[in-house]
Amino acid sequence: MAANRAADRLARLEQQMAAVLERLEAQKTLPAAAPADAPTEESSPDQAPIEGTLLFSGSIRRGQQRFRMQHQGTLSEALEADPELVARVFGALASPFRVRLLRALMDGPRTSQELQATLDVGPVGQLYHHLKELLAAGLVVQRKRSVYTLREEIVMPICMAFVVAPRLASSGGNAAQATHGGDEAQL
């Protein structure tokens with residue numbers, strides 16, 4: 001039994017190492033970017049197309065459950081996302097109460113009664129209104145009658161949204177301000 005677990009773990013590690021090496025190789029094949037302050041012949045710096053690669057990863061635990069995410073994609077892929085889908089998700093996240101509701105569901109499945117007590121919400125209709133919005137956006141699922149949970153595959157993206165949102169809304173643009181002159185913004 002222990003030998004099987006060790007063999008399985010070794011196989012997983014080998015797969016992970018292969019994926020890391022593949023990503024490194026992909027990075028080597030990306031064209032070198034011109035410095036941010038270098039205008040192209042046909043455009044000014046403010047009119048140059050924006051391009052690049054987006055990389056993000058994370059790992060969290062919830063009890064014995066572990067969530068991991070790694071993503072690499074191009075900026076053009078991100079910008080080509082269906083605007084209606086993006087707006088529906090942003091709309092679902094547009095309520096402070098829904099944000100608190102998602103945070104409560106980070107701890108795992110909750111009944112509507114538990115959510116109502118945890119969030120100190122008024123009428124039960126208010127809770128169901130917000131749950132309906134999150135269900136429609138595909139962020140929350142109802143596994144059993146009156147039991148709600150986050151879709152497991154979006155736990156990490158929701159956490160990343162919580163990390164990114166304050167940077168998007170920073171006063172004066174200081175938190176994630178991109179700089180000119182070739183320096184990258186430090187997040």
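There is no residue in the range 161-170 that is farther than 22 Å from LEU55 by Cβ, more than 21 Å from the chain's Cα centre (by Cα), modelled with pLDDT under 90 and exposed (fewer than 11 other Cβ atoms within 10 Å of the Cβ). Being within 14 Å of ILE154 (Cα to Cα), surrounded by 11 or more Cβ atoms within 10 Å (Cβ to Cβ), of a type in the set (D, E, K, R) and more than 16 Å from the chain's Cα centre (by Cα): is that true of ARG98 here? Spelling it out, it is not the case that ARG98 is within 14 Å of ILE154 (Cα to Cα), surrounded by 11 or more Cβ atoms within 10 Å (Cβ to Cβ), of a type in the set (D, E, K, R) and more than 16 Å from the chain's Cα centre (by Cα).
If you check GLY52 against the conditions, is it over 17 Å from MET156 (Cβ atoms), in contact with a helix residue (DSSP H, G or I) (Cβ under 9 Å, 6 or more places away or on another chain) and modelled with pLDDT of 80 or more?
Against the criterion (over 17 Å from MET156 (Cβ atoms), in contact with a helix residue (DSSP H, G or I) (Cβ under 9 Å, 6 or more places away or on another chain) and modelled with pLDDT of 80 or more), GLY52 qualifies.
Answer yes or no: is there a residue in the range 72-86 that is of a type outside the set (Asp, Glu) and in contact with a helix residue (DSSP H, G or I) (Cβ under 7 Å, 6 or more places away or on another chain). There is at least one residue in the range 72-86 that is of a type outside the set (Asp, Glu) and in contact with a helix residue (DSSP H, G or I) (Cβ under 7 Å, 6 or more places away or on another chain). On inspection, GLY138 does not qualify as within 29 Å of GLU84 (Cα to Cα), loosely packed, with under 15 Cβ neighbours inside 10 Å, of a type outside the set (Phe, Trp, Tyr) and modelled with pLDDT under 90.
Taking residues in the range 9-32 that are under 25 Å from GLU51 (Cβ atoms), and partners anywhere that are at pLDDT 75 or above and surrounded by 10 or more Cβ atoms within 10 Å (Cβ to Cβ), the pairs with Cβ atoms closer than 7 Å and at least 6 places apart or on different chains are ARG23/GLN72; LEU30/THR53.
Residues in the range 66-95 that are touching a residue at least 12 places away in the same chain (Cβ under 8 Å) and over 16 Å from the mean Cα position of the chain (by Cα): SER76, SER95.
The values are calculated or read from the model by the stated rules, or taken from the named source; none is laboratory data. All figures in this text were calculated on a predicted structure; none of them were measured in a lab. Neighbour counts run over all protein chains shown; Cβ positions are idealised from the backbone, glycine included.
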